[in-house]
Structures are given as C-alpha cells and as structure tokens.
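One structure is given here, and the rest of the page talks about it.
The values are calculated or read from the model by the stated rules, or taken from the named source; none is laboratory data. All values reported here derive from a predicted model rather than from experimental measurement. Ideal geometry is used to build each Cβ from the backbone, glycine not excepted, and the neighbour counts take in all protein chains shown.
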Amino acid sequence: MLTCASCAQSSIARSPTINSSQEPGPDWRRVGPADELDEEDVMPFEFNSREYAIYHTRDGFFASDGMCTHEQEPLADGIVIDNVIVCPLHQGRFDVRTGKALSAPVCGDLQTFPVQIRDGDIYVQIPY
C-alpha cells in the first residue's frame, strides 16, 4: 500500500490508484465506480451476507465493518466528517482510516479492509 507524506507519521495507508487491465487477486471484491461515491460520503456493500461500509474522504477511500459495535446500526446511514464516521443511532464515532473507536457509546474498534482504485473502480480486499 502507498502512504501519503502527510500520513507517514501516523502510518495510515492511502488507497492506491492502479491503472491496469489485470484483474486483482481472488480476495479483491469490486464495489463499483469510484466516481459514484462523493467525498465525505459512505456507501454500503454486502458480501457473503456481511455488511461493509465504503468511505471516501479527502485522504482516499477506506472500508470497514458495516455495523456499529454498539447497537449493530448500519454505518452507511451515518455521516462522514473529515475521516470520521458518525453512527446514526447514538452518534458514536470511528476513524474510518483505522477503525479506532473515538467516542462513546461505541464498544470497540471496527475491522478495516484494504482498498484499491483500479481503472476507476473501487475494490476491497475481503478474504473468503
């Protein structure tokens, strides 16, 4: 993964942009066109009956578990402000880059997943 200069101190990886006709490996799932997800927005993605949240921030594209750790509310219904997703139910907050829980009442960190932009499409690495 690539790391931007401003994030190098904190080891937060940016989503690399890859222009290639070669398909990603078997663990990479195509989400959809990157230009359909506005900056400071979130969209749901489901794979194998599990919910994920895909985010677009000024720092790139990110992916995490799709449900809040507090009450299992869909995070795709929340609001993205800078690099933070705010849960729509009780306003718990997570850093979308790392999954770290930032404020109560969330009960734990979110699992995050690598993201790539390949030929204009969002891909998330989700193992079977």
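Out of the stretch 23-47, which residues are at pLDDT 95 or above, not in a strand (DSSP E or B) and not hydrophobic (A, V, I, L, M, F, W, C)? Of everything in the stretch 23-47, those that are at pLDDT 95 or above, not in a strand (DSSP E or B) and not hydrophobic (A, V, I, L, M, F, W, C) turn out to be Asp35, Glu36, Asp38, Glu39, Glu40.
Applying the condition of being part of a strand (DSSP E or B) and of a type in the set (Val, Ile, Thr) to the stretch 77-107 and asking which residue is surrounded by the fewest Cβ atoms within 10 Å (Cβ to Cβ) yields Ile81.
Scanning the stretch 117-128 for residues that are crowded, with 18+ Cβ neighbours inside 10 Å and of a type outside the set (A, V, I, L, M) yields Arg118, Tyr123.
Among the residues of the stretch 37-63 satisfying the criterion of being crowded, with 19+ Cβ neighbours inside 10 Å and touching a residue at least 60 places away in the same chain (Cβ under 8 Å), which is nearest to the chain's Cα centre (by Cα)?
Within the stretch 37-63, the first condition is being crowded, with 19+ Cβ neighbours inside 10 Å, and the residues that meet it are 42, 45, 52-57, 59-63.
Imposing the further condition that a residue be touching a residue at least 60 places away in the same chain (Cβ under 8 Å) reduces the set to 45, 52, 54, 61, 63.
On the way: Phe45: 10, Tyr52: 8, Ile54: 4, Phe61: 6, Ala63: 2 Å.
Across the stretch 37-63, the extreme among qualifying residues is Ala63.
Looking only at residues in the stretch 64-76 that are more than 16 Å from Glu40 (Cα to Cα) and of a type in the set (S, T, N, Q), the one that is surrounded by the most Cβ atoms within 10 Å (Cβ to Cβ) is Thr69.
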